[in-house]
Amino acid sequence: MERLSRRSFVKIAGAATGAAALAAAPPVARAAVGGDAEHGEKINPTTGVPDEPLVAYVRDAKRGEVTVTAGLTEHTYRDRALVKRLLRAARKGE
Amino acid sequence: MSSHREAPSISQDPVADNADTYAFVSPDDPTTVTIITNYVPLEGPPGGPNFFEFGDDVLYSIFIDNDGDARPDIEYQFQFNTTLRNEDTFLYNTGPIGSLDSPNWNKRQFYSVSVQRGGGSGTLGQNLACPPCNIGPRSTPNYDALAAAARHHLPSGEWVFAGQRNDGFFVDLGAIFDLADIRELSSAHLIPFANSTSVDPLKTLNIHTIAIKIPIWKLTRDGSVPSDPLAAKSVLGIWGGASRRKVQVRDEHGKGTKGSGPWVQVSRLGNPLFNEVIVPIGDKDRWNALDPIDDKDFAKYVKKPELAGLLNVLYPGAFPNIAAYTADPTKTRADLEAILLTGIPSGIVPGFQNFTGPSPADMLRLNVAIPPASDPSPFGLVDGDPAGFPNGRRVFDDVVTIELRAIAGLTIPLVDPSYTVDPVVTIPQFSSNLTPGAGRYQSDFPYLGTPHDGFDTPSS
């Protein structure tokens, strides 16, 4: 997995608090889409939106770039497998 | 307007719309600087039952550059939290609000203040109460006492206030956005009408103010209180900004939005009218998202301001000299670059400078070694009052007149003595033609006057 650096100015100050989330984000993001989308199950949400949602979005499908926001951090990764799973999950919702 | 609804995106987001930024040596305590950033433009005083407030999901910042590199060395941050006493009423208040902890006040807002400097950060105050909005004589019968109680003296030495105030900015919005009309000169306009008298629509509107009064020694690069106006350390670069989280997820059960990711700036303001009048509409949102250090991208708009070229078109034949100067490819507006982007270097105005270095950056530049004026002029530096705009900006400075005249060429001779100012630029009518009335301002912190109450405003 290759991380593409994206960082903005003053908000660097939040880096210390966000470091743990940064390191944990990719596997958590995988879990968010079911780990193995081949066997993912489409369900209705069981809870409301969490106070600090972790969000993964496909930034560039062709390049396999996915951006993950968690806490006050945001990082973009090149992870073609994760992008593929997210796209599969999106298609399941159609 | 100074920066009320000045860009496409932020015009859709009033609570994050930095409408005015002010910075001045406090007239009642010259050992301090007061910085004010205003949000929620064009508040109609009767706007209930959910009266105006700051955004709980917005990070409000005040930035200070004290070493001339156009990067913030100090950032004060303000974050808000709204609480309800009673969810089973539609009312903002259930009786008169006599104090900031009145049980009759249902929907209250509190805030925290923190500071980042030199790589460190700290919380300066928490659970600081905002005053209510000024509702009317039944609900807020002694409003000034409520507002006074909402001035908080922090243990670290700063004074802070956050809440509704009278909007001190003044301009004839209706005329200026009707193809740059000045009612006193309407007969000379390309589409002429009879001359009339300028109108100030802001005189009955409120604003939400974040104000902080800071000891000067806390702001300067070496912790001193400068006394030499010509010393570089005497000049501070100051601007305001508002940021939102990168992602907002809306709850499907009506519980609002939840944020994720870093703060992303959505609004900023240093010099009044910069984004409003100088930056073209296609670049305004980008300007709001960037920082002063990025302003070299926008210097071209200062060097050849669109409005300078339009004046002679909209007022045919009245501005031939500025029209020719603007059209001349060998000429650029070094005067405006100095006023807006670099500060005025020594040697231009005797005894004065607010130069922060050659990097073009839109910041208010305040020379803190210039004491408050005993007899201030709303026209500031161009009228011989160096304590006023563009040396920082005071609440009563007539920035519309100052900038209108500067863009029309009044300040070119400061850097190009061969230029002859068009005579119309100096006639009294080529101005805002407005004088704010009593009550618009007050002599002590937070210096903007009591907000209009919703019962009495409008009065008919």
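Laboratory data are not the source of any read-out in this text; all were calculated from the coordinates shown. The structure presented is a predicted model; accordingly, all values stated were derived computationally and were not measured. Don't worry about glycine lacking a Cβ; one is built from the backbone with ideal geometry, like all the others, and counts go over all protein chains shown.
How about residue B:331: which lysines have a C-alpha closer than 16 Å to its C-alpha, ignoring those fewer than 8 places off in the same chain?
B:300, B:303, B:304
So what are the ³J(HN,Hα) numbers for segment A:55-71, from phi and the Karplus equation (6.51, -1.76, 1.60; θ = phi - 60°), rounded to whole Hz, Gly and Pro as x?
Couplings: 10, 10, 9, 7, 8, 8, 5, 5, 8, x, 9, 10, 10, 10, 10, 7, x Hz.
Consider just the alpha-carbon atoms of chain B and return their Rg together with their Dmax, both in angstrom.
Gyration radius and largest Cα-Cα distance of chain B: 21.9, 71 Å.
How large is the direction-averaged shadow of the alpha-carbon convex hull of segment B:254-306, in nm²?
Numbers: hull surface 21.3 nm².
Result: a mean projected hull area of 5.3 nm².
Would you mind computing the Rg to Rh ratio of the protein assembly as shown from its alpha-carbon coordinates, Kirkwood style for Rh? Could the numbers behind the result be given before it?
Numbers: Rg = 25.2 Å, Rh = 25.3 Å.
Rg/Rh: 1.00.
Between residue A:46 and residue B:193, what FRET efficiency comes out of the Förster formula 1/(1 + (r/R0)^6) with R0 = 45 Å and r the beta carbon distance, rounded to 0.05? Kindly include the intermediate steps, with their values, before the conclusion.
Details: r = 65 Å, r/R0 = 1.44.
Calculated transfer efficiency: 0.10.
At what distance in nm do the modelled label points of residue B:327 and residue B:152 sit from each other, each positioned 7 Å from its Cα along Cα→Cβ?
Distance between label points: 5.8 nm.
Calculate, in nm to one decimal, what residue B:114 and residue B:374 gain on full extension: separation in residues at 0.36 nm each, minus their alpha carbon distance. Please report the intermediate quantities before stating the final value.
Details: separation 260, 0.36 × 260 = 93.60 nm, distance 3.35 nm.
Additional length available on full extension: 90.3 nm.
Size of segment B:304-458 along its principal axes in angstrom, Cα-based, largest extent first?
54, 38, 26
Sort B:69, B:101 by Cβ crowding within 10 Å, fewest neighbours at the top.
B:101, B:69
Once the piece of chain linking residue B:69 and residue B:9 is laid out straight, how much longer is it, given 0.36 nm per residue of separation minus the C-alpha distance between them? Mind dumping the intermediate values first?
Details: separation 60, 0.36 × 60 = 21.60 nm, distance 2.85 nm.
Contour length minus the Cα-Cα distance gives 18.8 nm.
Determine the sum of side-chain charges near residue B:211: Lys and Arg each +1, Asp and Glu each -1, restricted to other residues whose C-beta is under 9 angstrom from that of residue B:211.
On the way: positive: B:151, B:165, B:213; negative: none.
Neighbour charge sum, excluding residue B:211 itself: +3.
Within the set of other residues whose C-beta is less than 14 Å from the C-beta of residue B:134, count the net charge using Lys and Arg as +1 and Asp and Glu as -1. Each step should come with its number before you reach the end.
Details: positive: B:138, B:165; negative: B:43, B:53, B:144, B:167, B:453, B:456.
Spelling it out: positives minus negatives among the neighbours equals -4.
I need the phi-derived Karplus couplings for segment B:227-237: 6.51 cos²θ - 1.76 cosθ + 1.60, θ = phi - 60°, integer Hz, Gly and Pro marked x.
Residue by residue, segment B:227-237 yields 10, 9, x, 8, 7, 4, 5, 6, 9, 10, x Hz.
Determine, for B:61, B:459, B:359, B:187, the number of other Cβ atoms within 10 Å of each Cβ, and report the residues in order from fewest to most. Let's see the in-between values first.
Working: B:61 23, B:459 7, B:359 17, B:187 11.
Ascending number of Cβ neighbours within 10 Å: B:459, B:187, B:359, B:61.
Please order B:217, B:159, B:287 by the number of other Cβ within 10 Å, starting at the fewest.
On the way: B:217 15, B:159 19, B:287 22.
Lowest to highest Cβ neighbour count: B:217, B:159, B:287.
Segment A:74-94 to segment B:2-43: how many Å between their Cα centroids?
Taking the Cα centre of segment B:2-43 as reference, the centre of segment A:74-94 is 42 Å away.
Using only the Cα atoms, what convex hull volume per residue in Å³ does segment B:71-126 have?
On the way: hull volume 5.6 nm³, N = 56.
Value for segment B:71-126: 101 Å³ per residue.
Please report how far the C-alpha centroid of segment B:427-451 lies from that of segment B:123-138, rounded to the nearest whole angstrom.
Taking the Cα centre of segment B:123-138 as reference, the centre of segment B:427-451 is 24 Å away.
In Å and whole numbers, how far do the C-alpha atoms of segment B:1-154 stretch along each principal axis, longest first?
52, 37, 30
Suppose R0 equals 25 Å; then what is the FRET efficiency for residue B:28 and residue B:222 from their Cβ-Cβ distance, rounded to the nearest 0.05? Walk me through the intermediate numbers first.
On the way: r = 26 Å, r/R0 = 1.02.
My answer for the efficiency is 0.45.
What is segment B:114-234 by shape, rounded, prolate or oblate, if you read a ≥ b ≥ c off the alpha carbon gyration tensor as root eigenvalues and call it rounded for a/c under 1.5, prolate for a/b larger than b/c, and oblate otherwise? Mind showing how you got there, number by number?
On the way: a/c = 3.39, a/b = 1.50, b/c = 2.26.
In terms of gyration-tensor shape, oblate.
Averaged over peptide A:51-58, how many Cβ atoms belonging to another chain are found within 10 Å of each residue's Cβ? Could you put the intermediate results ahead of the total?
Values: counts 4, 6, 10, 4, 9, 1, 1, 0.
Mean partner shielding for this stretch: 4.
Within the set of other residues whose C-beta is less than 10 Å from the C-beta of residue B:336, count the net charge using Lys and Arg as +1 and Asp and Glu as -1.
Values: positive: B:303, B:304, B:333; negative: B:335, B:337, B:403.
For residues surrounding residue B:336, the net value is 0.
Using r as the Cβ-Cβ distance of residue B:251 and residue B:87, and R0 as 22 Å, what FRET efficiency do you calculate, to the nearest 0.05? Walk me through the numbers before you get to the answer.
On the way: r = 16 Å, r/R0 = 0.75.
The formula returns an efficiency of 0.85 here.
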